[in-house]
Amino acid sequence: MKKLKKDLRSIVTGYSTLFFCAFALSISMSSCGSEVAPVEQKQPNILFVFTDDHAAQAISAYGSNINRTPNIDRLAHEGMLFRNCFVTNSICAPSRAVVLTGKHSHINGVIDNRVEFDSTQTTFPKLLQEAGYETAMIGKWHLKSEPEGFDYWEVLPGQGRYYNPKFRTPEGTVEYTGYTTRIITERALEWLKEKRNNEKPFLLLYWHKAPHRNWQPGPDYLSMFDDQDVPEPDSLFDDYSNRGSAAKTQEMTIAEHLNDRDLKLTPPGNLTPEQQRLWNAAYDPKNKQFEEKDLSGDDLVRWKYQRYIKDYLRCVQAVDDDLGEVLDFLDESGLSDNTVVIYSSDQGFYLGEHGWFDKRFIYEESLRMPLLIRWPGGVQPGSVDTHLVQNLDFAPTILEMAGVEVPADLQGKSLMPLLRRQAEPDWRRAVYYHYYEYPGAHSVRRHHGIRTDRYKLAFFYNLNEWEFFDLEKDPNELVSRYDDPEYSGQIEELKSELNQLRELYRVPEVDPASKSPKN
Ligand code: CA
């Protein structure tokens, strides 16, 4: 194992050199030192920081045991942390469409990543723009159609690239040289400093690509975590023996489904002769593995987990560092006092739990979204909320913050009462979840379900299989208790509540996914 590590360090050094070379050629974005005078205004500015696939387990304010995120933690210390924020449909484009519209996937139409967002729909940025906000969208959009409701926008095409990204703009495609997380930050700062109309309150969607697959770290982060092992999750070697068939038949295991690009076992292009020599010395392309030939079984899974999680965390670290720079700018420019800062990610992610990467399932790690809101004068610093909230609630919340009337057909609830710490005895008792993308990447079967503060019920309806978990006794969801007579009462209650939620949210009887031409 030691020899393997040594070889890999050489490879990473090779990578490092390569990326630094690319950077030497990069265009250095001019940074403007001028400060922007704060404008007296009643409507707060809103800076919405959104990442892609950033799980709460990788945020120290949520108790991470694998990394530190001091700048996201600042938002927790200076604002409110929502401990129970859950996504309605754990996949990228659908989550974004729900965030923008405040409506479930079956209403806004984006049931899976293949559907184009109908951008003629009402969204909260459009309503803020109409209400006098200066609006901008910079970063990852991932909804196929062009952004609407923005005075300024610059978005990655599709997933975008980690290095030397192209951006779609109203004037056509532009290309930048450098690391995408950094470039999105620079574009956002430039808009804040130079491009916006500072007579108006602003809404800035600062939406990162990171830490989405295939987790390519920035040049400053390539050797981070090199000399340590990242702790493994308890359920890394889950064998799925006490659940239905969906957990067994997915295709997202660290053991089997990480590919060479994920593990960075494919040599990057344009290697120097010396880099190629190092690569050849360490890697056997025929057997697709490094020299340590006896690495197999659980040891190989552990090795892959380290490869995966370190790159994931390196991507997260760049996001956190850049957030620190943006927060510093807000402080230095006097904008902090009248700016709401929201941090969230489009869904959670498996960081080795159940032996997985990726998302999609209703299980905790991909269901939970991080959500932190700092609002000086509006939110008590260091507060924690435990109500059941969802990405469905973001649009009505932001509208209410901005003093804009919330349209009656939105399905989410404004979080304003929770931000104000008002008693909310009638808050929702359960959240509704529905995943549609099957057949599809990672082969996760379609399912819907609900989660209360203690229980979870899921129905994989094409398999006619139910699962039920008592999260208090089994927080890692390793044993479905659906057939346990002890829980029959709770299960009946949850089924009734699930039907009520489907009625409330007007979920059609015919599965919308069954109409998709690709299904
Ligand atoms: Ca995502």
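The values are calculated or read from the model by the stated rules, or taken from the named source; none is laboratory data. Bear in mind that the values here come from a model prediction, so they are computed numbers and not experimental data. So basically every Cβ, Gly included, is an ideal-geometry build from the backbone, and we count neighbours across all protein chains shown.
Data table
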read-out	value
Test for Ser414: is it under 21 Å from Trp356 (Cα atoms), hydroxyl-bearing (Ser, Thr, Tyr) and part of a loop (DSSP other than H, G, I, E, B)	no
Within region 325-366, considering residues that are in contact with an Asp or Glu (Cβ under 6 Å, 6 or more places away or on another chain) and within 15 Å of the ligand (Cβ to nearest atom), the one nearest to Gly378 (Cα to Cα)	Asp346
Failed criterion for Phe459 (all others in (1) in contact with a Phe, Trp or Tyr (Cβ under 6 Å, 6 or more places away or on another chain); (2) under 14 Å from Tyr505 (Cβ atoms) hold)	(2)
Residues of region 373-411 satisfying the condition of being buried (at least 16 other Cβ atoms within 10 Å of the Cβ) and part of a loop (DSSP other than H, G, I, E, B)	Trp375, Gly378, Val379, His387, Leu388, Ala402, Val404, Val406, Leu410, Gln411
Contacts under 7 angstrom Cβ, first residue in region 198-209 being closer than 15 Å to Pro44 by Cβ, partner of a type in the set (Asp, Glu), 6 or more apart	Lys200/Glu134; Phe202/Glu134
Helices (runs of 4 or more DSSP H) wholly inside region 64-122 that include at least 2 residues being farther than 29 Å from Ile309 by Cβ and either free of Cβ contacts under 8 Å to residues at least 40 places away in the same chain or away from the ligand (no atom under 15 Å from the Cβ) (or both)	105-108
Search result, residues across region 302-324 that are within 16 Å of the chain's Cα centre (by Cα), within 17 Å of Ile138 (Cβ to Cβ) and more than 16 Å from the ligand (Cβ to nearest atom)	Ala318, Leu323
Subset of region 482-500 that is in a helix (DSSP H, G or I) and either of a type in the set (Asp, Glu) or not assigned by TED's automatic domain parsing to the domain that holds Glu465 (or both) - its residue that is surrounded by the fewest Cβ atoms within 10 Å (Cβ to Cβ)	Glu486
So Glu148, is it away from the ligand (no atom under 16 Å from the Cβ), over 19 Å from the mean Cα position of the chain (by Cα), surrounded by fewer than 17 Cβ atoms within 10 Å (Cβ to Cβ) and free of Cβ contacts under 8 Å to residues at least 12 places away in the same chain	no
Qualifying residue in region 141-156 (condition: more than 30 Å from Ala513 (Cβ to Cβ) and among the small types (Gly, Ala, Ser))	no
Candidates Phe225, Phe202 - the one that is more than 25 Å from Ala56 (Cα to Cα), of a type outside the set (Ser, Thr, Tyr), modelled with pLDDT of 85 or more and within 24 Å of the chain's Cα centre (by Cα)	Phe202
Unmet requirement for Gly178, which otherwise passes all of (1) over 23 Å from Leu335 (Cα atoms); (2) in contact (Cβ under 8 Å) with a residue 24 or more places away in the chain; (3) in contact with a Pro (Cβ under 7 Å, 6 or more places away or on another chain)	(3)
Where a residue in region 226-239 is closer than 16 Å to Glu365 by Cβ and its partner, wherever it lies, is basic (Lys, Arg), with Cβ under 9 Å and at least six apart	Val230/Lys310; Glu232/Arg302; Leu236/Arg302
Exclusive hit being in a loop (DSSP other than H, G, I, E, B) and at positive phi, set Glu477, Glu424	Glu477
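Yes/no matrix, rows are residues, columns are (1) more than 30 Å from Phe468 (Cβ to Cβ); (2) buried (at least 24 other Cβ atoms within 10 Å of the Cβ); (3) out of contact with any Asp or Glu (no Cβ under 9 Å at 6 or more places or on another chain); (4) assigned by TED's automatic domain parsing to the domain that holds Glu467:
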| position | (1), (2), (3), (4) |
| --- | --- |
| Glu175 | yes, no, yes, no |
| Arg187 | yes, no, no, no |
| Lys193 | yes, no, no, no |
| Arg196 | yes, no, no, no |
| Ala210 | yes, yes, no, no |
| Met224 | yes, no, yes, no |
| Asp227 | yes, no, yes, no |
| Glu232 | no, no, yes, no |
| Gln250 | no, no, no, no |
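Let's see how each residue does on (1) in contact with a strand residue (DSSP E or B) (Cβ under 8 Å, 6 or more places away or on another chain); (2) of a type in the set (Lys, Arg); (3) surrounded by fewer than 20 Cβ atoms within 10 Å (Cβ to Cβ):
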| residue | (1), (2), (3) |
| --- | --- |
| Leu156 | yes, no, no |
| Arg161 | no, yes, yes |
| Pro170 | yes, no, yes |
| Tyr179 | yes, no, no |
| Ile183 | no, no, no |
| Phe202 | yes, no, no |
| Leu205 | yes, no, no |
